[in-house]
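Undergrad: Handing you this structure, nothing more for now.
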Amino acid sequence: MKKEYIKSGRRAVSVLLAAACAATLLAGCGDTTVEEEETLSEAIPVEAQMPVAGTLTLKNEFVGTVSPEESVYVIPMVSAEVLNTDISVGDTVIAGQELCKLDTEAAQLQLASAQAQYNSAAAGVQAAEVGYEIAQAQYDSAVAQLDVQNEQTQRQKDLTMYQMQMQIDGISDGIEDINEQIYKLDEDREDAKEQKNDLEKASDRANNALKQAAQAYAAAQAAVTALEPQDYAELQVVKAQFPNEEAYQYALKQAKEQLAAAKTAYEGAQAAASQLDAAYEQAKAGIESIDDGKEKLEDSLSDTYKTKEQTETVKNLTEAQLNIDTQKVQDVSKRTAALGVDSAAAQVNSAKVGAAGAQVGIDSAEYQLDMYTLTAPIDGVIEAVNVKEHDFASPQNPAFVISNKNTMTVTFGVSEGIRGTLRVGQKLTVDRNGKIYDAAITEIGSMVDQTTGLFMIKSCVSTPDDSLLTGSSVKVTADTYSQADALLIPYDAVYYDDSQPYVYVAENGTAKRKDVETGIFDMDTITVLSGLSEEDTLITSWSANLREGAEVSVQMKNEGDTADSAMTADGE
């Protein structure tokens, strides 16, 4: 329909011009009937050419966005102050390269606490192993003594009593050691509790300071807003309150400086409050750790009391039975010794479990310590640096953005119709400020983008340079619709009768109308699918007198003009 409107407009202008010329001639001359009849009887000069067979391919232009093939965000896993960073936007980095260091003071304290817990647990393992060795030695000694009991019955009885008493004394000593450890933990807990209380008070003060800083910051913002309203009339009212423009500008400058200072104070208060809150949580965790250790010691103390009670019971039974049945005494002694070995072995296993748990704490603290050094995960170029020395890094904000720009991706949107004409691997051209790059389609989207209503197409530029900046817009040119084995004729040679396209051909010196079926077209060329042949002499020029049966004088054009134009034409 667009082509029909254009042609109709051209014809209307031509008819008006012809009418004007006729009116002028009538006004300036007398009887011109004879001249008009002679003019109408003359042949109409027209240009013509032979249709040529060929292929018309349309090209479409799209707006694309440049992005790297690979881009990663380096996000801190912990919140801490940035100690140093020598990385800037545009720097090239390699995978594993250090980007910046964070303050490790909190992590170092956690590691030291974990190491202290491990040392305590390791000492418990050594003590348990010594106890096991003693119990095993006691068992071996009891068995050896029982083997020679026939010769040394009385001495063995005395020795047995002595050994049992020593065992009870050893258990008592162990109870005293455990009680001392519990007492020490109670002292440590009191110290930790005092520290926690101090931190809690300091945190409350810091949060109060944060609130005051926030209020000051809000007040400073309000002051600047009041001095610099968005509405022009309001601004003039504000300025009228000052003696001159210099006074107003000075007041505005003072307000903005106060706003900047209030903002700096507010951010500092935020950092201080966060650090104190973190220290308070760490103190709470320390108290919980102490409570867990005390609970384990109390469990061990309970087991030791039971062991002591059992040993004292056995000792009393042994004293009562020694003179009654020697064999029974021997059996009881063996069972008692074995029970001591089993109990000691259980204590060793329990202590080793505790040490293994403490080692996990060390490993966890060391892992946390590694998080305070940020490194590059890939080779690439630094696109963004969001931290600087003495800033407070946090997991909520990426510290760096790294892009691998060896291959750049250009993404653009197309309609559903054009999507069906594209294929993966198809060659494209990308224009960035007049510089042309070769590209190829790598991905054709199968889902409509809800924002644009288009299908997203990705293409790869294999030889990018510094001109292709991330996020920049480029012009993408791609072959879309194509029609082969069709006749190619000039676009302006086609006329329309309502919706029926037709052309004029020259036959034996007269014009003849031919209805045709047309296909795709661009600004210069249109394809004819039927109704015309390569042998027809196609009239390509326009005349107001051109109609069916009109006498024409034909001037042939170069046949190659239309074909060459059609093969290289661009279109929407």
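Undergrad: Scan Ser120, Ser67, Ser113, Ser141 and give me the residue that is of a type in the set (Gly, Ala, Ser), outside any helix (DSSP H, G or I) and on the phi < 0 side of the Ramachandran plot.
TA: Only one candidate passes the filter, namely Ser67.
Undergrad: Only one of these conditions is not met by Leu374: (1) touching a residue at least 60 places away in the same chain (Cβ under 8 Å); (2) out of contact with any strand residue (DSSP E or B) (no Cβ under 7 Å at 6 or more places or on another chain); (3) not small (Gly, Ala, Ser). Which number is it?
TA: Status for Leu374: all satisfied but (2).
Undergrad: Out of segment 414-431, which residues are open to solvent by 20 Å² or more (accessible area, probe 1.4 Å) and either assigned to a strand (DSSP E or B) or under 30 Å from Val387 (Cβ atoms) (or both)?
TA: Answer for segment 414-431, where residues must be open to solvent by 20 Å² or more (accessible area, probe 1.4 Å) and either assigned to a strand (DSSP E or B) or under 30 Å from Val387 (Cβ atoms) (or both): Lys427, Thr429, Asp431.
Undergrad: Of Gln215, Gln254, which residue is modelled with pLDDT of 90 or more, under 36 Å from the mean Cα position of the chain (by Cα) and either farther than 30 Å from Leu301 by Cα or surrounded by 15 or more Cβ atoms within 10 Å (Cβ to Cβ) (or both)?
TA: Gln215
Undergrad: Mind checking which residues of segment 506-525 are in contact (Cβ under 8 Å) with a residue 40 or more places away in the chain and over 53 Å from the mean Cα position of the chain (by Cα)?
TA: Ala506, Gly509, Thr510, Ala511
Undergrad: Within segment 169-180, can one find any residue that is among the charged types (D, E, K, R), assigned to a helix (DSSP H, G or I), under 30 Å from Glu281 (Cα atoms) and open to solvent by 70 Å² or more (accessible area, probe 1.4 Å)?
TA: yes
Undergrad: Please pick out the residue among Ser350, Ser403, Ser302 that is surrounded by 15 or more Cβ atoms within 10 Å (Cβ to Cβ) and modelled with pLDDT of 85 or more.
TA: Ser350
Undergrad: Let me ask you something else. Being touching a Phe, Trp or Tyr at 6+ places or on another chain (Cβ under 7 Å) and open to solvent by 20 Å² or more (accessible area, probe 1.4 Å) is the filter here, so list the residues in segment 104-114 that pass it.
TA: Within segment 104-114, just Thr104 meets the criteria.
Undergrad: Still on this structure, please answer the following. Condition check: within 28 Å of Glu281 (Cβ to Cβ) and at pLDDT below 85. Does Glu105 satisfy that?
TA: Spelling it out, Glu105 is indeed within 28 Å of Glu281 (Cβ to Cβ) and at pLDDT below 85.
Undergrad: Same structure, new question: Testing Lys196 on (1) open to solvent by 70 Å² or more (accessible area, probe 1.4 Å); (2) touching a helix residue (DSSP H, G or I) at 6+ places or on another chain (Cβ under 6 Å), one condition comes back false. Which one is that?
TA: (1)
Undergrad: Ok, one more. If we scan segment 432-441, do we find a residue that is in contact (Cβ under 8 Å) with a residue 60 or more places away in the chain, open to solvent by 40 Å² or more (accessible area, probe 1.4 Å), of a type in the set (S, T, N, Q) and not in a strand (DSSP E or B)?
TA: So far as segment 432-441 goes, no, none of its residues is in contact (Cβ under 8 Å) with a residue 60 or more places away in the chain, open to solvent by 40 Å² or more (accessible area, probe 1.4 Å), of a type in the set (S, T, N, Q) and not in a strand (DSSP E or B).
Undergrad: Within segment 49-95, count every residue that is within 30 Å of Ala486 (Cα to Cα), surrounded by fewer than 17 Cβ atoms within 10 Å (Cβ to Cβ) and hydroxyl-bearing (Ser, Thr, Tyr).
TA: Total satisfying the criteria: 1.
Undergrad: Given the criterion farther than 30 Å from Ala272 by Cβ and among the aromatic types (Phe, Trp, Tyr), identify the matching residue among Tyr217, Tyr183.
TA: On inspection, the qualifying residue turns out to be Tyr183.
Undergrad: Just one of Ala247, Ala226 is in contact (Cβ under 8 Å) with a residue 12 or more places away in the chain and more than 30 Å from Ser203 (Cβ to Cβ); which is it?
TA: Being in contact (Cβ under 8 Å) with a residue 12 or more places away in the chain and more than 30 Å from Ser203 (Cβ to Cβ) holds for just one of Ala247, Ala226, which is Ala226.
Undergrad: Something else about it: If the requirement is being charged (D, E, K, R), within 19 Å of Glu281 (Cβ to Cβ), touching a residue at least 60 places away in the same chain (Cβ under 8 Å) and in a helix (DSSP H, G or I), which of these qualifies: Asp204, Asp188, Asp198?
TA: Of the residues listed, the single one that is charged (D, E, K, R), within 19 Å of Glu281 (Cβ to Cβ), touching a residue at least 60 places away in the same chain (Cβ under 8 Å) and in a helix (DSSP H, G or I) is Asp188.
Undergrad: Looking only at segment 220-233, decide whether some residue is open to solvent by 50 Å² or more (accessible area, probe 1.4 Å) and either within 30 Å of Ala285 (Cα to Cα) or touching a strand residue (DSSP E or B) at 6+ places or on another chain (Cβ under 8 Å) (or both).
TA: no
Undergrad: Scan segment 332-345 and tell me whether some residue there is open to solvent by less than 60 Å² (accessible area, probe 1.4 Å), out of contact with any helix residue (DSSP H, G or I) (no Cβ under 7 Å at 6 or more places or on another chain) and either farther than 30 Å from Val89 by Cα or outside any strand (DSSP E or B) (or both).
TA: Checked segment 332-345: no residue is open to solvent by less than 60 Å² (accessible area, probe 1.4 Å), out of contact with any helix residue (DSSP H, G or I) (no Cβ under 7 Å at 6 or more places or on another chain) and either farther than 30 Å from Val89 by Cα or outside any strand (DSSP E or B) (or both).
Undergrad: Would you call Leu297 over 43 Å from the mean Cα position of the chain (by Cα), under 30 Å from Ala358 (Cβ atoms) and open to solvent by less than 70 Å² (accessible area, probe 1.4 Å)?
TA: Yes: the conditions hold for Leu297.
Undergrad: Which ones in segment 460-512 are modelled with pLDDT under 90, hydrophobic (A, V, I, L, M, F, W, C) and open to solvent by 30 Å² or more (accessible area, probe 1.4 Å)?
TA: Across segment 460-512, the qualifying residues are Leu469, Ala484.
Undergrad: Separate question: What number of residues within segment 459-492 are at positive phi and in a loop (DSSP other than H, G, I, E, B)?
TA: Total satisfying the criteria: 1.
Undergrad: Now a separate question. Can you name every residue in segment 513-528 that is open to solvent by less than 70 Å² (accessible area, probe 1.4 Å) and part of a loop (DSSP other than H, G, I, E, B)?
TA: Val516, Asp522
Undergrad: Out of Ala260, Ala247, which single residue is at pLDDT 90 or above, part of a helix (DSSP H, G or I) and either surrounded by 13 or more Cβ atoms within 10 Å (Cβ to Cβ) or hydrophobic (A, V, I, L, M, F, W, C) (or both)?
TA: None of the others qualify; the one that does is Ala260.
The values are calculated or read from the model by the stated rules, or taken from the named source; none is laboratory data. If you're wondering where the values come from, they're calculated on a predicted model, not measured in any experiment. Here Cβ is always computed from backbone atoms with ideal geometry, including for glycine, and neighbour counts include all displayed protein chains. Keep in mind that these areas ignore ligands, DNA and RNA; they rest on the heavy atoms of the full protein, side chains included. Shrake-Rupley method; radii C 1.70, N 1.55, O 1.52, S 1.80 Å.
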